[in-house]
Amino acid sequence: MKTTVQAKPTAATRLHPAGGRRIQVRRSGVHGKGVFALQPLAAGERIIEYKGEVISWPEALRRHPHDPSDPNHTFYFHIDDRHVIDANVGGNAARWINHACDPNCQADEQDGRVFIEALRDIAPGEELFYDYGLVIDERYTPKLKKEYECRCGSPNCRRTMLAPKRR
């Protein structure tokens, strides 16, 4: 099974402004660990690059699952039909950014690299989220949607991290 996270292109912004650490990984009320703003982050600001080992999809499928007790959880980020970033190897804090159906960030893929950027101004203490928009080739059954359950709590929550199927 191939899982895809969609990236949305946006304008380039600076990655490392002066002023020290801007984000921190800590326990999340949504799921496990999360990433939180330590400083104000401006709309359109590039916050962090999603780092990890770039591997082929066949290699990703060979490595999957990282955790047999939670087989649908990975640190994979789809780049194109041939490549994926495995943040389980050489990953950084970006791998801990949780999904939300009404996110404050988005993923921007540029030339095989993925950057997380703010969609709106983000205050210190806010958790960062982007919409994973997972795409799975098989039919979305209630069981499959439950396996990818969303816990974001947004009023517009889809109840799943899966992207809506195109009709």
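The values are calculated or read from the model by the stated rules, or taken from the named source; none is laboratory data. Since the structure is predicted, the reported quantities are computational estimates derived from the model, not experimental observations. Don't worry about glycine lacking a Cβ; one is built from the backbone with ideal geometry, like all the others, and counts go over all protein chains shown.
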* Structure fact -> Within the range 37-68, the residues that are surrounded by 13 or more Cβ atoms within 10 Å (Cβ to Cβ), of a type in the set (Lys, Arg) and over 20 Å from residue 26 (Cα atoms) are 46, 63
* To do: Could you tell me whether residue 109 is among the charged types (D, E, K, R), in contact with a Gly (Cβ under 9 Å, 6 or more places away or on another chain) and assigned to a strand (DSSP E or B)?
  => no
* Residues of the range 50-76 being among the aromatic types (Phe, Trp, Tyr) and modelled with pLDDT under 95, which ones? -> 57, 75, 76
* **Subset of the range 135-159 (residues that are farther than 20 Å from residue 68 by Cα, out of contact with any Lys or Arg (no Cβ under 9 Å at 6 or more places or on another chain) and free of Cβ contacts under 8 Å to residues at least 40 places away in the same chain)** => 141, 142
* Asked: Can we say residue 102 is more than 19 Å from residue 33 (Cβ to Cβ), not hydrophobic (A, V, I, L, M, F, W, C) and not in a loop (DSSP other than H, G, I, E, B)?
  -> no
